[in-house]
Structures are given as structure tokens and as C-alpha cells.
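Remarks on the structure that follows.
Taken together, the values in this text are just the output of simple stated rules run on the coordinates, not laboratory data. Small disclaimer: the values here were computed from a predicted structure and weren't measured. Backbone-built Cβ (ideal geometry, glycine too); neighbour counts: all protein chains shown.
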Amino acid sequence: MKVKLVIALFVFAAFSGYSQKFDNLAQTPPMGWNSWNKFACDVSEDLIMGMADAMVSSGMMDAGYEYVVIDDCWQVGRDQNGEIVVDKERFPHGIKYLADYIHAKGLKFGIYSCAGSKTCAGRPGGFGHEYQDARTYAGWGVDYLKYDWCNTTTQDSRSSYTNMSDALRTAGRPIVFSICEWGSTKPWEWAKEVGHLWRTTGDILDRWDAMIGIVDKQRDLAEYAGPGHWNDPDMLEIGNGGMTTEEYKTHFSMWCMMAAPLMAGNDLADMSDDTKEILMNQELIAIDQDPLGKQASCYRDNGDYEIWGKALENDEKVTCLLNRSDEEKEVQVNLTYLLKASDNYWYTYPYKLEDYKVRDLWKHEYLKTDKSIMVTKMPPHSAKVYRFIKK
Ligand code: GLA
């Protein structure tokens, strides 16, 4: 009898311990780098090690980027025991070697698989091998798993992802679980208990219209995000060449406003000064990583001109003006309105503009706030981000 009780207590303690490790992850949106947007299937040990090196030497690690994630195409088959087989030509020392290398730099390591029988690039998927793969990943030292949705035929999304989530918990290593079913079955309504982040749309492209189209699809999702469970509007395209510097600044501004995971998708070993300045804008990163974990909403929509805002910890606020048009726009801004309206506090908000300093997070300077009305010029496709900082 006693023995049974001890065993039961041990099992309970073990499982609640695992679950606690899982639940405490991603308290702020995960930050890192993923191979897909720039390199697609052209991944290798050399490439991933080079990116880990560059994450450190470029200052990205110090800026908060942490996970180095290999996306699709590292896997080529399954052996007679069903174990996943790594592409030996591209990853000659195996995946654990790579994970150890990345960990030795103080970074974390992520990998990709798929809930279906095959990945989107046609490599072996996880279907039917969930517990086996989770054990393998834990043994390799994986810290982050992106789990895709190709080739799933009649599978139910919620139960498929729950199955892998349970497998990861059972494997016992804290692994951030990134659900990638492209928003097709409204994961924001069911995935909070299953994973730490979920894609809300199809794939981003390195183009203004595609990027801003993704922003539009996040408008009604703010209430679903918070510490440990994030909407994921896909990885960053900054530095990949398809948008102007102004457009990339807008891309980063909006991702930080939306408390989106910040997964750089460019070549970290070859970054222009503009790309570095954008990806490592510490004041914007602080908006993304604010401990309150709020996702911004659009509270003013004048067609091509929008105003987004959200609350930050300690009664601070952040507001983003967005000029979506192809023309320069001169806008008149009422700072008192921005402060009060950004969190639906218009009538009850206890603070006044005089209680705050207002900081431009791209210019890195304070605004003159002696007058509440300010006129500012906005280039085409640009964003301005203002933080209301308590005096
Ligand atoms: C899907 C995902 C992408 C990427 C590819 C890999 O399209 O949405 O982010 O992982 O598969 O094949």
C-alpha cells in the first residue's frame, strides 16, 4: 500500500514538475532566428553554426535573440525502428552536436517537424511517431519545436497538436511548442493550453502588400495573446531585400506592437547597418517584450492612416501611427488623445499628459510636450512609435 502511495506521489510530482517547466516558458514572445525565409531547404551544419556565431558577433544575442531554429529539410527518412534519420551529408555530426555547439554559446536550439505524414517540403513528418520523436528531440537538447500542418488529410488539428504537446511534456525537457497550422482552425480559440505560440496566417512573403495583409489579419486577435501564449504573425523578412528600409521599419514596429514572436529570417552573417539598426532597436524590442504581454489593437482607422496602441507595465503606453498609403502624409496628432484612447480609458484614465515624457522610439529622442497637438510628416508606408514614459 505504502509503496503504491510513494509511486503515485512520485508520478504526480514528476508530471506536475514537467508541466510546470512547460507552462513557465515563453513568458514574453520568443526571440531568435529561423532558417526558412532566407535559406528554405538549403540548410546544413555549417550554415546553422555560422548563424549561431553571427548571432553572437553581430550583437543580436545581446539584443535578446535566443533561439536558433532549423526549419524544414534536415530529415531524410526513418530507420527500421521508426527513428527519424538526419541528412548525414548536410549534418555530418548529427543534431546533438549542433545543439551542444549552440548551447555552448549561451543560445537555445530549435527544430522543425510536421503533424502530418510528411513535412511541407515532403520530408518525413511526425504523424504516428509523436512520442518517439519527442524523446529524440529531448535527447538531442532541443529547446523549441515548430510543428507544421502539411499532409494532415483528415486529422483534427486540436487533437493532433495536443498529442504532440503531451508527448513533449512526457519527454520531460522544457520545449517551447510553436503551432504552425496557419490559422486555419482558429488556434487562438483552443491552443492556449496546447502550445506557446500559434501561427495566425499563411506564410509571409518579403513584400509590403503581403506583410501589411498579415497585420490586417491580427486586428481582432489581441485578446487571445498573453504571457505563455502568443499569436504568431510569422517570421521576420527584415534584411531579405524585398522591401524598402522604411517598410522594414514598419514591419518591425508592427511586430513589436503586436507582441509577436521576433524570429529573424535573414542572413545574420551579412547584415547592412540599416538591418542591424532595425532588428536591434532596443527601445522597440522592449515594447515587444513588455512583461504585461499585451498585443496592440487598432483604435483609429482613417483608411490609409491608422493608430494602434497598447498598455505597458507601470501605467505606461505605446502608440503607433501607420501611414499605409503610397504618398507622404502630414498628420496632426493630439498627444492627450493618444495617451488616453490607446487603452479605452478615455473617460476614466487617471493620468494626464503632464505625467509623462513622450519618446520617439525610432529617433530615440523625447518630443516637446508643452503643446498637446503635434504635426508630423510621415513618408509612404511608414510608422512612428511613441512611448509614454512616466515622469
Ligand atoms: C510551411 C510553413 C513555413 C515553413 C515551410 C517549410 O509553409 O508555414 O513557415 O516552415 O512550411 O516547408
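Structure above, values below:
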quantity	calculated
Distance between modelled label sites at residue 273 and residue 24, nm, 7 Å Cα→Cβ extension	4.3 nm
DSSP-defined antiparallel bridges as percent of all bridges, the chain, nearest 5	60 percent
Part-to-part distance (alpha-carbon centres) for the stretch 365-382 and the stretch 69-113, which is given in Å	49 Å
Relative contact order (%) - criterion: Cα under 8 Å, at least six apart; region: the stretch 274-391	27 percent
Percentage, to the nearest whole number, of Cα pairs in the stretch 297-390 over 15 Å apart	58 percent
Range in the chain, longest, excluding exposed chymotrypsin sites (Phe, Trp or Tyr not before Pro) [loop by DSSP; at most 13 other beta-carbon atoms within 10 Å]	1-345
Whole-number percent relative contact order across the chain, with pairs defined as alpha carbons under 8 Å at least 6 apart	14 percent
Relative contact order (percent, whole number), the stretch 8-166, Cα cutoff 8 Å, 6+ residue spacing	20 percent
Cα gyration tensor of the stretch 134-260 - equivalent ellipsoid semi-axes, whole Å, descending	28, 16, 14
Distance between the stretch 204-233 and the stretch 134-200 - C-alpha centres, whole angstrom	19 Å
For the stretch 259-337: span of alpha carbons on each principal axis (Å, largest first)	42, 36, 17
Least to most buried among 375, 176, 333, 215 (fewest other Cβ within 10 Å first)	375, 333, 215, 176
GluC sites (Glu not before Pro), loop per DSSP, at most 13 other Cβ atoms within 10 Å - longest free stretch of the chain	90-326
The chain: C-alpha pair distances exceeding 37 Å, %	24 percent
Efficiency of FRET between residue 131 and residue 326 - r from beta-carbon atoms, R0 45 angstrom, step 0.05	0.30
Relative frequency of Cα-Cα separations exceeding 18 Å in the stretch 8-160, percent	61 percent
Distance in nm between pseudo-label sites at residue 156 and residue 370 (7 Å out along the Cβ direction from Cα)	6.6 nm
Placed amide H near residue 120: partners under 5 Å, 5+ positions off or other chain	150
Förster-model FRET efficiency, 25 Å R0, residue 89 and residue 203, C-beta, rounded to 0.05	0.40
Pairwise label distance in nanometres, residue 352 with residue 42, each label 7 Å out on the Cα-Cβ vector	6.0 nm
Signed unit charges on C-beta, dipole axis of the stretch 18-288, positive-most listed residue 210, 91, 65	91
FRET efficiency estimate (nearest 0.05) - Cβ-Cβ, residue 292 to residue 336, R0 22 angstrom	0.50
Charge dipole of the chain about the Cα centre (unit charges at C-beta), most positive-ward option of 303, 258, 269	258
In sequence order, calculated HN-Hα J values of the stretch 234-249 (Karplus, 6.51, -1.76, 1.60; Hz; x Gly/Pro)	5, 7, 7, 10, 4, x, 8, x, x, 10, 6, 4, 4, 5, 5, 5
Sorted by Cβ density within 10 Å, fewest first, the residues 385, 68, 86, 56	56, 86, 385, 68
Residue-by-residue Karplus 3J(HN,Hα) for the stretch 296-308, coefficients 6.51, -1.76, 1.60, Hz, glycine and proline x	5, 10, 8, 10, 8, 10, 9, x, 6, 10, 10, 10, 10
Dipole magnitude (debye, nearest 20) for the chain, charges at Cβ of Lys, Arg, Asp, Glu	1320 debye
For the stretch 18-288, with +1 on Lys and Arg beta carbons and -1 on Asp and Glu, the positive-most of 279, 134, 221 along the dipole	134
